[in-house]
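Inspection log for the structure reproduced underneath, given as structure tokens.
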Amino acid sequence: MSGVELEKSTTIDLRKKHIGPSCKIFFSHEPIKIVQAKGQYMYDENRQRYLDCINNVAHVGHCHPEVVNAGASQMALLNTNSRFLHDNIVLFAQKLQSTLPEKLSVCYFVNSGSEANDLALRMAWQYTGHKDVITLQNAYHGHVSSLIDISPYKFHQMSSYEMNPRVHVAPSPDVYRGKYRRDHPDPATAYADEVKDIIHKAEEKGGKIAAFIAESLQSCGGQVIPPWATSKKWHVRKAGGIFIADEVQVGFGRVGTHFWAFQLQGEDFVPDIVTMGKPIGNGHPLSCVVTTREVAEAFMSSGMEYFNTFGGNPVSCAIGLAVLEVIEKEDLQGNALRVGGYLCSLLEKHKEKHPLIGDIRGRGLFVGLELVRDKHKLTPATAEAQEVIYRLKEQHILLSADGPHRNVLKFKPPMCFTKEDVDLVVEKIDNILTEIEHTLGMTNKQNVDNEGGKRKASET
């Protein structure tokens, strides 16, 4: 680039002219133009600083110097496609595998979470010889055609969409507003039995299960923390299928207690395939599929070579290796545990105070704050959630909302997030909720179902 910075209005006009209209941006009616970032902060064209609470892509912090230097140094030395023998790909694979169960030992490097999940499906189909796939309600696994089919979060938005008959949707394991809630005696088994029933019904129609794919913790589905039950894995494997753990959103130490979110289900739970993306390259386009030797050998038996021009190139692998080293060196997994726990505890202190706060859930620096208009009916406070987001933006804090009703404020900041950042954000949310509730006449002694709020969900 020439170093000349466009006027914001010019950038907006050029975007409208040359970028596809379905490519949305945050705060589309009042967009922020970001020109620089560092750590957990982003800066606009006026050098105004914003606290970033949502960017799980910049996992170890925006523009981390060690990651930047690793990429720049390798780019100045060599970058080429993965058909050439080089050290970086094997060193990165070795370091990455050391964080996983021993059984998961074979890596395929690609460029995005969508590529990773698409490849995982191909492996499952080849290994099992089956075609049916079980996914979860509100799941999102990527934007390519094979993944839209298994992403209810996306295909439910399409009025003319015809669901793939080989895809079966199990209930989202949401114990707050899902089919089986916290007051159920055993919600984990109940949700697992739903999967068992789906398998039985599919088999009755002549289907055979190739895979059950699930985000280890649902993100777009509303920061869902499932009850832990490994029995669904056994149901799937008994049916001849395999288990794919999608760690694109939540891997690399974000949950605090473990490096991978699937490990929350216990030491005896080992997926057959794990997919990774977003945080793996700290903003660099990089992703990975890790699987067992058995699945990898079966994939090769198709007779078709797998080749990815950019997947596993020397620069990408140097960057990925640097990210792993920074996570370890700076104890970012430990920071996620400490700061994430502090965030949840601080939000819990405000729960009784605010009638709009329905639920607080999370692990590490993956936290959801669900807003409702009525704590008994669980009426989604969608407009109010959007109002909170826009008011925070006005106070230079970036947060977003998701879930099927877009009423869940989601925290997944860079892993260098601090307790001081938590204090600031929670104080601002507390003040904003107080103002909104006062305007709506809400108190915790009332069950108010009000149309309040000013923003439409489509604006963020």
Exercise for review: Looking at (1) surrounded by 13 or more Cβ atoms within 10 Å (Cβ to Cβ); (2) under 30 Å from Leu321 (Cβ atoms); (3) of a type in the set (D, E, K, R), find the lone condition where Lys33 falls short.
Suggested key: (2)
Exercise for review: Answer yes if at least one residue in the range 80-89 is in the same structural domain as Val422 (by TED's automatic domain parsing), in a loop (DSSP other than H, G, I, E, B), on the phi < 0 side of the Ramachandran plot and touching a residue at least 40 places away in the same chain (Cβ under 8 Å), and no otherwise.
Suggested key: no
Check your understanding: When only residues in the range 425-458 that are modelled with pLDDT under 55 and not charged (D, E, K, R) count, which is surrounded by the most Cβ atoms within 10 Å (Cβ to Cβ)?
Key -> Gly453
Practice item. Output the residue which, of all residues in the range 293-327 that are among the polar types (S, T, N, Q) and farther than 26 Å from Ser219 by Cα, is most open to solvent (accessible area, probe 1.4 Å). Key: Ser301
Point to revise | Residue check for Asn56: open to solvent by 40 Å² or more (accessible area, probe 1.4 Å) and at negative phi | key: no
Review point. Which fully enclosed helices (runs of 4 or more DSSP H) of the range 98-179 have 3 or more residues being farther than 29 Å from Gly266 by Cβ?
Key: 145-148
Exercise for review: Please indicate, with yes or no, whether at least one residue in the range 268-291 is out of contact with any Ser or Thr (no Cβ under 8 Å at 6 or more places or on another chain), assigned to a loop (DSSP other than H, G, I, E, B), surrounded by 16 or more Cβ atoms within 10 Å (Cβ to Cβ) and among the aliphatic types (A, V, I, L, M).
Suggested key: yes
Study note, to complete from the structure: Of the candidates Ser105, Ser160, Ser112, the one satisfying the condition of being modelled with pLDDT under 95 and open to solvent by 20 Å² or more (accessible area, probe 1.4 Å) is Ser160
Review point. Which one of the conditions (1) in a loop (DSSP other than H, G, I, E, B); (2) touching a residue at least 40 places away in the same chain (Cβ under 8 Å); (3) buried (at least 19 other Cβ atoms within 10 Å of the Cβ); (4) of a type in the set (Gly, Ala, Ser) does Ala202 fail to meet, given that it meets all the rest?
Key: (1)
Practice item. Determine whether Leu369 is within 22 Å of Ser216 (Cβ to Cβ), open to solvent by less than 30 Å² (accessible area, probe 1.4 Å) and not in a strand (DSSP E or B). Key: no
Check your understanding: From the list Lys16, Lys38, Lys8, Lys24, which one is of a type in the set (Lys, Arg), closer than 25 Å to Thr418 by Cα and either open to solvent by 50 Å² or more (accessible area, probe 1.4 Å) or at pLDDT 95 or above (or both)?
Key -> Lys38
Practice item. Scan the range 407-436 residue by residue and report those that are more than 29 Å from Glu330 (Cβ to Cβ) and in contact with a Leu (Cβ under 6 Å, 6 or more places away or on another chain). Key: Asn407, Leu433
Practice item. Output the number of residues of the range 403-419 satisfying the condition of being hydroxyl-bearing (Ser, Thr, Tyr) and part of a strand (DSSP E or B). Key: 0
Review point. Within the range 60-78, is even one residue hydroxyl-bearing (Ser, Thr, Tyr), surrounded by fewer than 18 Cβ atoms within 10 Å (Cβ to Cβ) and modelled with pLDDT of 95 or more?
Key: yes
Practice item. Specify which of the listed residues (Glu384, Glu394) is among the charged types (D, E, K, R) and either assigned by TED's automatic domain parsing to the domain that holds Cys220 or surrounded by fewer than 23 Cβ atoms within 10 Å (Cβ to Cβ) (or both). Key: Glu394
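The values are calculated or read from the model by the stated rules, or taken from the named source; none is laboratory data. What you see is a predicted model; the values in this text were computed from it and never measured. Every residue, glycine as well, gets a Cβ built from its backbone with ideal geometry; the counts of neighbours run over all protein chains shown. For accessibility, only protein heavy atoms count, side chains too; no ligands or nucleic acids. Shrake-Rupley method; radii C 1.70, N 1.55, O 1.52, S 1.80 Å.
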